[in-house]
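To keep things clear, I will list the structure first and then write my remarks on it.
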Protein chains: 2
Amino acid sequence: MSGARKLPPRETAKLDRTTIVEAAFAVLSEKGLDGLSLRVLATHLGVQAPALYWHVRNKAELIGMMAATFGEVAARAEPGEKTWASRLIAYGHALRQAMLLHRDAARLCAIARPIEPPAENANRVAAPLIAAGLDQKRALSYQASVIAYTLGWVVYEQSQPMHEHLAQMLDLAESFASGLRAMVRGFVAEVAETTTKHRGQQRQRPQAKSRD
Amino acid sequence: MSGARKLPPRETAKLDRTTIVEAAFAVLSEKGLDGLSLRVLATHLGVQAPALYWHVRNKAELIGMMAATFGEVAARAEPGEKTWASRLIAYGHALRQAMLLHRDAARLCAIARPIEPPAENANRVAAPLIAAGLDQKRALSYQASVIAYTLGWVVYEQSQPMHEHLAQMLDLAESFASGLRAMVRGFVAEVAETTTKHRGQQRQRPQAKSRD
DNA sequence: ACCTGAACACCGTTCAAGT
DNA sequence: ACCTGAACACCGTTCAAGT
């Protein structure tokens with residue numbers, strides 16, 4: 001019988017928010033989202049469960065910090081794309097890849113509730129789109145759609161029964177890319193329509209901060 | 001002081017899977033996903049918690065049954081659309097509306113794991129698309145993309161902090177519709193390309209900035 | 001400042017026992 | 001067949017008390 005019920009008390013180095021989130025991802029990958037409890041996380045860190053409450057308000061905040069990770073990773077991972085369309089596509093792929101690295105990551109993001117002011121993150125991530133020629137409202141809307149699509153897709157991709165069933169009927173990576181491509185292509189067409197109405201003077205403003 | 005901690009034992013009529021799922025939705029709408037426990041569900045039904053296990057294997061199965069509801073509702077709600085494109089759009093809207101009726105519905109779907117053979121549901125829902133002229137592989141892929149997008153969108157729409165933040169920057173319903181429209185439009189373009197191979201339609205990349 | 005021990009109010013689930 | 005009572009092994013969270 002495999003008696004692997006106990007995890008070794010990792011490190012007795014220090015205990016701060018960063019190491020806690022790290023260990024939480026380790027536990028997540030080992031036990032899955034259902035197995036991620038503050039108690040096993042604490043023993044994984046060689047500490048008692050209430051100790052975590054000194055660094056973290058509660059479990060919800062911890063989940064929120066974990067979820068925020070993916071957004072940051074994906075935001076950094078779209079380096080040299082110039083048009084807002086290619087940026088959107090790159091962001092979607094980067095976000096999916098980031099989530100696929102950890103078991104149950106999409107479900108975790110779906111559970112998580114953004115505790116930090118989301119305005120900061122949203123604007124930071126929409127900024128390059130605006131710099132690439134989009135107005136702010138559209139940038140936010142398109143960005144939200146790409147994030148929603150990616151999150152929803154990976155939820156199903158990481159659901160084992162769904163994965164098994166879908167994977168034998170179609171290539172998941174290719175289907176994801178197809179949907180993402182289609183959506184952004186539709187955005188491009190939409191923008192092209194509305195800007196040709198009044199002689200597109202909108203595009204090609206380099207680094208416009210667009211202050212109101 | 002609101003002392004509403006106890007729910008009235010609803011009906012002592014009968015106890016079968018249908019009434020259990022009904023009551024589960026009632027509890028969900030009152031207490032939210034975190035408050036949905038088998039114990040409060042049982043008291044809501046005027047019964048003890050272990051009684052539920054006669055009709056339902058476990059909580060996961062119950063969640064699965066609840067999630068399956070939305071797919072069925074949405075599948076019935078796209079009546080008279082003729083093209084597969086309009087069917088896809090109608091399905092997305094119907095699915096969103098069905099989920100918006102219940103608190104935390106999208107998160108519930110993200111948590112749920114399809115216990116019934118998903119082939120049945122998937123094919124039943126993709127069938128009209130195939131009948132409307134799509135090949136099966138594309139029908140499944142497009143359908144999956146629409147479902148993923150809708151699920152992900154409503155996850156954020158039903159997240160209270162996200163809702164508050166996004167709602168003041170953009171019209172959520174309109175932005176959802178925009179993304180859905182864009183995606184399906186992209187699908188249509190893709191199909192048009194591959195079917196008219198020797199027609200000289202060379203739009204491989206989405207020409208982000210339409211010239212002029 | 002940072003962590004432990006002990007406790008509280010909950011969970012999901014099992015199972016013998018009732019009817 | 002259908003449900004109860006009691007129990008098991010867990011939860012998240014609080015809080016006095018230790019260092």
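Pairs linking a residue in region A:70-89 that is exposed (fewer than 15 other Cβ atoms within 10 Å of the Cβ) to a residue that is part of a loop (DSSP other than H, G, I, E, B), with Cβ atoms under 8 Å and 6 or more positions apart or on different chains, are A:LYS82/A:ALA132. Filter region A:106-146 down to the residues that are free of Cβ contacts under 8 Å to residues at least 60 places away in the same chain and within 30 Å of A:GLY35 (Cβ to Cβ) and list them by number. Correct list: A:ALA106, A:CYS109, A:ALA110, A:ALA112, A:ARG113, A:PRO114, A:ILE115, A:GLU116, A:PRO118, A:ASN121. Restricting region B:163-190 to residues that are more than 10 Å from chain A (Cβ to nearest Cβ) and over 17 Å from the mean Cα position of the chain (by Cα) leaves a set whose member that is farthest from B:ILE147 (Cα to Cα) is B:ALA167. The single condition from (1) within 15 Å of the chain's Cα centre (by Cα); (2) touching a residue at least 60 places away in the same chain (Cβ under 8 Å) that B:ILE63 fails is (2). Here B:ALA90 clears all of (1) away from chain A (no Cβ under 14 Å); (2) within 13 Å of DNA strand D (Cβ to nearest atom) except the condition numbered (2).
Residues that are in a loop (DSSP other than H, G, I, E, B) and under 24 Å from A:LEU134 (Cβ atoms) within region A:68-115 comprise A:ALA77, A:GLU78, A:PRO79, A:GLY80, A:GLU81, A:LYS82, A:THR83, A:PRO114, listed in sequence order. A Cβ distance below 6 Å, combined with a sequence gap of six or more or placement on separate chains, defines the contacts here; from region B:30-57, residues that are under 20 Å from B:HIS102 (Cβ atoms) and in contact (Cβ under 8 Å) with a residue 40 or more places away in the chain reach residues that are more than 7 Å from DNA strand D (Cβ to nearest atom) and assigned to a loop (DSSP other than H, G, I, E, B) in the pairs B:GLY32/B:ARG103; B:GLY32/B:ASP104; B:LEU33/B:ASP104.
Could you check region B:16-67 and list, in sequence order, the residues that are away from DNA strand D (no atom under 14 Å from the Cβ), part of a helix (DSSP H, G or I), within 14 Å of chain A (Cβ to nearest Cβ) and touching a Leu at 6+ places or on another chain (Cβ under 7 Å)? The answer is B:ILE63, B:ALA67.
Laboratory data are not the source of any read-out in this text; all were calculated from the coordinates shown. This structure is a prediction, so every number in the text was calculated from the model and none was measured. Reconstructed Cβ throughout: ideal geometry from the backbone, glycine too, with neighbour counts over all protein chains shown.
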